[in-house]
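> Attaching a single structure in structure tokens format; questions to follow.
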């Protein structure tokens, strides 16, 4: 029954905001005086970013290791700015969140280091008024999506039942992981298809 959905849990990047990793990488490369290819290889291709997302590295070790890998003593402010400049709020999606909040709870679960949640008011200030303190990174749960453990620990933190949660993510693997953990899930591809899905669940009511 659609009425059983009590909470909608959103991924952040490419769901609530557009995320341009290439722009972030280029920003970091300019700081380090190296190529975008070298930065991408050092951080993403190497699996280092996953160490931050999964909480294997805490925030301090992640930031230190990040700088070491790109060959530049990256400061926290520089890391935050590189992340911030690659993000742009999706106003249409945030408007839908505002509508949903009238009838259900909302929260965010993003694959990221805890630095993202700690600095979300700089990175994407539009989120706080909609989600309050319910902005979670995978790192704080010690597991990254699509590992079902990540969702289960988030659900526990939310004090909710998996079957009452609709999870929204742009990656099919993450949607599958959520379903494995017992959540309902929607594979996000556009605002219009999301609206259609919400209507099917009885969650979006036209006024």
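> Mind checking the angle between helix 148-158 and the chain's longest principal axis? C-alpha axes, 0 to 90 degrees, to the nearest 10.
So the inclination is approximately 70 degrees.
> What order, most packed first, do the peptides 190-197, 164-171 have when packing is the mean number of other Cβ atoms within 10 Å of each residue? Intermediate results must be reported in sequence, preceding the final value.
Numbers: 190-197: 13.9, 164-171: 22.8.
Ranked by mean Cβ neighbours within 10 Å, highest first: 164-171, 190-197.
> Now a separate question. Return one number: the angle in degrees, 0 to 90 and rounded to the nearest 10, between the long axis of the Cα atoms of helix 21-32 and the longest principal axis of the Cα atoms of the chain.
Helix 21-32 sits roughly 20 degrees off the main axis of the chain.
> Helix 59-70: angle to the longest alpha-carbon principal axis of the chain, degrees 0 to 90, nearest 10?
Around 50 degrees separate the two axes.
> Same structure, new question: Helix-derived [θ] at 222 nm for the chain: sum -39500 (n - 2.57) over DSSP H runs of at least 4, divide by residue count, nearest 500? Can you show the working numbers first?
Working: 12 runs with 97 residues, N = 207.
My calculation for the chain gives -12500 deg cm²/dmol from helical runs alone.
> Please give, to one decimal in nm, the separation of the simple spin-label points placed at residue 23 and residue 88, each 7 Å out from Cα toward the Cβ.
Modelled inter-label distance: 0.6 nm.
> Taking 0.36 nm per intervening residue step and subtracting the Cα-Cα distance, what contour gain separates residue 204 from residue 191 on full extension?
Difference between extended and current length: 3.4 nm.
> At 0.36 nm per residue, minus the direct Cα-Cα distance, what do residue 172 and residue 95 gain on full extension? Give it in nm, one decimal, please. Mind dumping the intermediate values first?
Numbers: separation 77, 0.36 × 77 = 27.72 nm, distance 2.38 nm.
Residue separation times 0.36 nm, minus the Cα-Cα distance, leaves 25.3 nm.
Bear in mind these aren't lab numbers, they're just calculated from the coordinates by the rules spelled out. Just so we're clear, the structure is a prediction, and the values are computed from it rather than from any experiment. Cβ sites come from the backbone with ideal geometry, for glycine too, and all protein chains shown count toward neighbours.
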